[in-house]
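Visitor: This is the structure I want to talk about, given as C-alpha cells.
The values are calculated or read from the model by the stated rules, or taken from the named source; none is laboratory data. Not measured: the values here are computed from a predicted model. FYI the Cβ positions are ideal-geometry reconstructions off the backbone, even for glycines, and counts take in every protein chain you see. Accessible surface areas use protein heavy atoms only, side chains included; no ligands, DNA or RNA. Shrake-Rupley method; radii C 1.70, N 1.55, O 1.52, S 1.80 Å.
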Amino acid sequence: MRVLVVEDEERLAEAIARGLRLHAIAVDVAYDGEEALDLASFTDYDVVVLDRDLPEVHGDDVCRELLTTSSASRIIMLTAAGQVRDRVDGLSLGADDYLVKPFAFAELVARIRTLARRSPKAVQPTLERAGIRLDPARRTVTRDGRQVTLNRKEFDVLRELLDAGGALVPSAELRRNVWDEYADATSGVLRVTITSLRKKLGAPPAIENVPGKGYRL
C-alpha cells in the first residue's frame, strides 16, 4: 500500500508518516497543494490523506484535481473544521472519508486500510521472462515450474524488473516504487533484497547488476 500525506504542519505531517511506516505502509509527504499534485502526477497512490486548508493550492482544489486525474486514489479529508456543514462540503467534493483533528492515530490507520481495500485495481497480466512467471493477482512466483516463496519486498522488486521487460531499472526507481521516497540510498536495503531474491530464484542467475546504474532481468 502507498499513501500520500498532504499536510502543511510539518511536525504533524512527519508524525503521521512515521506512524504509518511503523504499520508497513509506504508514505510520501507533501507540505502544500502544489507539491501534492506534482507527486500524484507520477505516482499512483492507494490513499491520499489530505488536509483541507493548504497553502499554494487549497485542499478542495487538490481533491477536485485528484478525482479528475487519479480516480483510483481514495481520499481522506483531514481538517480542524468539525462542523457538520464542513464535513458535508468535504465529502461533496468527492472525498471518500473525513477525519477531524485532533484524531486517534489508530482510527486513521483503520480508515486508510479500509479505503485501500476499496480501491479499484485493474486486472494485471501475468508477467513472464527467463522461465520466471509472476502472477500479481495471486501473488505467486514460479521458475521453470518450481514454486518460489518470496517476501513482500522481494515480490515487488521482481515485479518491477519483470514489468520492465528486460530493460534496465535504475536503483533509485526501484527504491522509490518498492519502498518510498525516503528510502535511504546508503542503507543497502535494495542490495540485500536483490541478493536474497537471486538466491531464491536459483540458477542460472536471472538478475544482472549494472554497477552504478541499476538492475535488469
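Visitor: Got the relative contact order for the chain handy, in percent, Cα pairs under 8 Å and 6 or more residues apart?
Guide: The value is 14 percent.
Visitor: Mind pulling the angle between the C-alpha long axis of helix 105-118 and the longest principal axis of the chain? Nearest 10 degrees, somewhere in 0 to 90.
Guide: 60
Visitor: So, in nm, how far is label GLU160 from label ALA130 when the simple model puts each one 7 Å beyond its Cα toward the Cβ?
Guide: Label-label distance for GLU160 and ALA130, simple model: 1.6 nm.
Visitor: In whole percent, and with a 1.4 Å probe on the protein chains, what portion of the accessible area of the chain is carbon and sulfur?
Guide: Carbon and sulfur: 49 percent of the exposed surface of the chain.
Visitor: Separate question: Tell me the label-point distance for the pair GLU9, THR68, using the 7 Å Cα-to-Cβ offset, in nm and rounded to one decimal.
Guide: Each label point is offset 7 Å from its Cα along the Cβ direction, giving 3.0 nm.
Visitor: From the protein chains alone at 1.4 Å, what is the descending order of accessible area for LYS213, LYS153, largest first?
Guide: LYS213, LYS153
Visitor: I need to check one value: relative contact order of the range 25-65, counting alpha carbon pairs closer than 8 Å and at least 6 residues apart, in percent.
Guide: Computed over the range 25-65, the figure is 44 percent.
Visitor: Compute the acute angle (0 to 90°) between the alpha-carbon long axis of helix 189-201 and the principal axis of greatest extent of the alpha-carbon atoms of the chain; round to the nearest 10°.
Guide: Computed tilt is about 40 degrees.
Visitor: Still on this model: Provide ARG52, ARG18, ARG198, ARG64 ordered by accessible surface of protein heavy atoms (probe 1.4 Å), highest first.
Guide: ARG18, ARG64, ARG198, ARG52
Visitor: Turning to a different aspect of this structure: Students sometimes get this wrong: rank PHE105, PHE155, PHE42 by accessible area, probe 1.4 Å, all chains present, largest first.
Guide: Ranking PHE105, PHE155, PHE42 by accessible area, largest first, yields PHE42, PHE105, PHE155.
Visitor: Evaluate the Kirkwood expression for the hydrodynamic radius of the range 1-84, namely the inverse of the mean inverse distance over all pairs of different C-alpha atoms, and round to one decimal in Å.
Guide: Mean inverse Cα-Cα distance, inverted, gives 12.6 Å.
Visitor: Quick check: residue separation of VAL57 and ALA116 times 0.36 nm, minus the Cα distance between them. What number comes out in nm?
Guide: Net length gain for the segment: 18.7 nm.
Visitor: At q = 0.09, 0.12 Å⁻¹, what log₁₀ I(q)/I(0) does a Debye calculation on the Cα points of the chain give, no solvent, two decimals?
Guide: Cα-only, vacuum Debye calculation for the chain: -0.42, -0.70.
Visitor: I'd like the FRET efficiency for ALA137 and GLU34, computed as 1/(1 + (r/R0)^6) with the beta carbon distance as r and R0 of 35 Å, rounded to 0.05.
Guide: Between ALA137 and GLU34 the formula returns 0.45.
Visitor: With a 1.4 Å probe and every protein chain left in place, tell me how much accessible area GLU35 has, in Å² to the nearest 10.
Guide: Here the accessible area works out near 70 Å².
Visitor: If I fit a long axis through the Cα atoms of helix 152-163 and take the longest principal axis of the Cα atoms of the chain, what angle between them do I get, 0 to 90°, rounded to 10?
Guide: Relative to the chain, helix 152-163 is tipped by roughly 70 degrees.
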